[in-house]
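*Asks:* Take this structure, written in structure tokens, and hold onto it; I'll ask about it next.
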Amino acid sequence: MKKNRLWILLVVILFSLSLAACGTTAVEPAAEEPAAEAPAAEEPAAEAPAAEEPAAEEPAALTYEDLVVGFAQIGAESEWRTAETNSILAVAEELGVELKFSDAQQQQENQIAAIRSFIAQGVDVIGVAPVVESGWEPVFQEAKDAGIPIILVDRGADVPDELYTSFIGSDFVLEGENACEEMAGLLSEEGNIIELQGTVGAGPAIDRQAGFASCLEGYPNMSMLDSQSGNFTRAEGKEVMEAFLQTYGDQINGVYAHNDDMAIGAIQAIEEYGLVPGEDIKIVSVDGVKGAFEAMVDGTLNCTVECNPLLGPQFFEAALMLANGEEVPRWIKSNEGVYCQEVAAEMLPERQY
Ligand code: GYE
């Protein structure tokens, strides 16, 4: 019995010792793990509200329906501009954006007044197509001070980088170079050209001229006879062309117009003068509006370098990103082609502007 008891006692002691040992090993890592995990486990608990915060922020992120946008348009000087305006208005409506739209009748002071009024109304984002490049710094600074991002649409502005968020539009220098290459082909690299420039001081006028001029340097037998602004309009393009015809007559072999509208005005002037546009005088312009395709089908315009005005979708997408504090690319560039008479009839029905 005594022996038995001793055995039992021994077994009990060993058993409790092993339990204690197990307990220790089991508890220690457990104690460590929870120690390591406890805060982590607690943090999620503490983070739970934090995790809810982003969740609470998500619904607070703006959608198109919340967005209030001001757009300071230049005017309605060309078919291109009308197409752009229509794109902005249609996309705003489609997306449910509240759009405050202003037409400045081509006056910079009207655009500046419109921007000031958008700032006073506290819009989320302002889009502007700057009629000319200079003179924007004070009003852009006012927008920045009010925390309202500025997007430049289709024309650039000469301001410090931090005063606007993004430029949505074309590479005008490239357009000028492309126009020159087409002209070189049409004139077999030899002849006199006159240029109808866009609005004096406007980004596309400056760059389209520069692109053409630099490419022209590569063609020693082609020269620029004269160059003047037709203000991007048909009426002024016609007037300037009439004056050039009076001065240079049939010395003119080619016309380079910074937009299709001025080219169409020039075509009328050439016809009235008694020469054949597209044949006696080759004509290359920029934009690619329907009117240009029609003129190419008629044979009066030779080529158009495309410049896409349908910027509504990119504009509102960028505006929404900015309103939500996201970054947008500095230059949202358009993809564009060059079209001449051979493809005009086939393409005309598909043209969207
Ligand atoms: O080429 C012209 C319009 O700013 C890119 O303005 C735009 C230009 C376009 O009036 O037709």
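The values are calculated or read from the model by the stated rules, or taken from the named source; none is laboratory data. Just so you know, these numbers come straight off a predicted model, no measurement behind them. We place every Cβ from the backbone using ideal geometry, glycine too, and count neighbours over all the protein chains shown.
*Asks:* Is it the case that MET262 is of a type in the set (A, V, I, L, M) and within 28 Å of GLU65 (Cβ to Cβ)?
*Replies:* On the way: of a type in the set (A, V, I, L, M): yes; within 28 Å of GLU65 (Cβ to Cβ): no.
No; evaluated as a whole, the condition is false for this residue.
*Asks:* Any idea which of (1) more than 16 Å from the ligand (Cβ to nearest atom); (2) surrounded by 21 or more Cβ atoms within 10 Å (Cβ to Cβ) is the one GLN197 doesn't satisfy?
*Replies:* (1)
*Asks:* For the range 61-77, what are the residues that are more than 8 Å from the ligand (Cβ to nearest atom), of a type outside the set (S, T, N, Q) and either in contact with a helix residue (DSSP H, G or I) (Cβ under 7 Å, 6 or more places away or on another chain) or outside any strand (DSSP E or B) (or both)? Steps first, please.
*Replies:* Applying the first criterion (more than 8 Å from the ligand (Cβ to nearest atom)) to the range 61-77 yields 61-73, 75-76.
When the remaining residues are screened for being of a type outside the set (S, T, N, Q), the result is 61-62, 64-72, 75-76.
Hits for the range 61-77 are ALA61, LEU62, TYR64, GLU65, ASP66, LEU67, VAL69, GLY70, PHE71, ALA72, GLY75, ALA76.
*Asks:* With the structure loaded, tell me whether GLY274 is modelled with pLDDT of 95 or more, more than 13 Å from the ligand (Cβ to nearest atom) and small (Gly, Ala, Ser) or whether it fails that test. Reasoning before the result, please.
*Replies:* Values: modelled with pLDDT of 95 or more: yes; more than 13 Å from the ligand (Cβ to nearest atom): yes; small (Gly, Ala, Ser): yes.
In short, yes.
*Asks:* So, one more: Can you report the number of residues in the range 267-294 which are part of a loop (DSSP other than H, G, I, E, B) and buried (at least 17 other Cβ atoms within 10 Å of the Cβ)? Break it down stepwise before answering.
*Replies:* Step one: filter the range 267-294 for residues part of a loop (DSSP other than H, G, I, E, B), giving 274-276, 278-280, 288-289.
Of the ones still in play, those that are also buried (at least 17 other Cβ atoms within 10 Å of the Cβ) are 278, 288-289.
Of the residues in that region, 3 qualify.
*Asks:* So, in the range 218-266, of the ones that are aliphatic (A, V, I, L, M), in a strand (DSSP E or B) and touching a Gly at 6+ places or on another chain (Cβ under 8 Å), which residue ends up farthest from the ligand (Cβ to nearest atom)? Can you show your working first?
*Replies:* Kept after step one, since they are aliphatic (A, V, I, L, M), are these residues of the range 218-266: 222, 224-225, 235, 240-241, 243, 245, 252, 255, 257, 262-264, 266.
Filter once more, so that each one left must be in a strand (DSSP E or B): 222, 224-225, 255, 257.
From what's left, touching a Gly at 6+ places or on another chain (Cβ under 8 Å): 222, 257.
Numbers: MET222: 23, ALA257: 10 Å.
Selected residue: MET222.
*Asks:* Taking the condition within 22 Å of the chain's Cα centre (by Cα) and surrounded by fewer than 22 Cβ atoms within 10 Å (Cβ to Cβ), does LEU310 pass?
*Replies:* Working: within 22 Å of the chain's Cα centre (by Cα): yes; surrounded by fewer than 22 Cβ atoms within 10 Å (Cβ to Cβ): yes.
So LEU310 passes the test.
*Asks:* From (1) without any contact (Cβ under 8 Å) to a residue 60 or more places away in the chain; (2) more than 11 Å from the ligand (Cβ to nearest atom); (3) buried (at least 17 other Cβ atoms within 10 Å of the Cβ), pick out the condition that doesn't hold for SER188.
*Replies:* Failed condition: (3).
*Asks:* Can you go through GLN111, GLN73 and tell me which one is surrounded by 18 or more Cβ atoms within 10 Å (Cβ to Cβ) and within 16 Å of the chain's Cα centre (by Cα)? Even if it seems obvious, please write down each step before you answer.
*Replies:* Working: GLN111 fails: within 16 Å of the chain's Cα centre (by Cα).
Answer to the check: GLN73.
*Asks:* Additional query: Provide a single number: the residues in the range 88-117 that are under 25 Å from GLY201 (Cα atoms) and outside any strand (DSSP E or B). Before you say what the answer is, go through the steps one by one.
*Replies:* First pass over the range 88-117, keeping only residues under 25 Å from GLY201 (Cα atoms): 88, 101-117.
If we keep only those that are outside any strand (DSSP E or B) as well, we get 88, 104-117.
The number of residues fulfilling the criteria is 15.
*Asks:* So which residues in the range 136-164 are crowded, with 20+ Cβ neighbours inside 10 Å and part of a helix (DSSP H, G or I), if there are any at all?
*Replies:* VAL139, PHE140, ALA143
*Asks:* Within the range 295-305, track down each residue that is crowded, with 17+ Cβ neighbours inside 10 Å and touching a residue at least 40 places away in the same chain (Cβ under 8 Å).
*Replies:* Correct list: MET296, LEU301, ASN302, CYS303, THR304, VAL305.
*Asks:* Test of understanding: among VAL305, VAL297, VAL328, which residue is in a strand (DSSP E or B) and of a type in the set (A, V, I, L, M, F, W, C)? If you could, list the steps in order and put the result at the bottom.
*Replies:* Numbers: VAL297 fails: in a strand (DSSP E or B); VAL328 fails: in a strand (DSSP E or B).
One residue alone meets the criteria, VAL305.
*Asks:* Would you confirm, using the coordinates I've provided, whether LEU174 is assigned to a helix (DSSP H, G or I), within 16 Å of the ligand (Cβ to nearest atom) and either among the aliphatic types (A, V, I, L, M) or surrounded by fewer than 24 Cβ atoms within 10 Å (Cβ to Cβ) (or both)? Walk me through how you get there before you give the answer.
*Replies:* Values: assigned to a helix (DSSP H, G or I): yes; within 16 Å of the ligand (Cβ to nearest atom): yes; either among the aliphatic types (A, V, I, L, M) or surrounded by fewer than 24 Cβ atoms within 10 Å (Cβ to Cβ) (or both): yes.
Answer is yes for this residue.
*Asks:* Let me ask another. So, in the range 78-101, exactly how many residues are away from the ligand (no atom under 16 Å from the Cβ) and surrounded by 18 or more Cβ atoms within 10 Å (Cβ to Cβ)?
*Replies:* At the first step, the residues of the range 78-101 found to be away from the ligand (no atom under 16 Å from the Cβ) are 89-101.
From the residues that got through so far, the ones that are surrounded by 18 or more Cβ atoms within 10 Å (Cβ to Cβ) too are 91-92, 95, 97, 99.
Looking only at that region, the number is 5.
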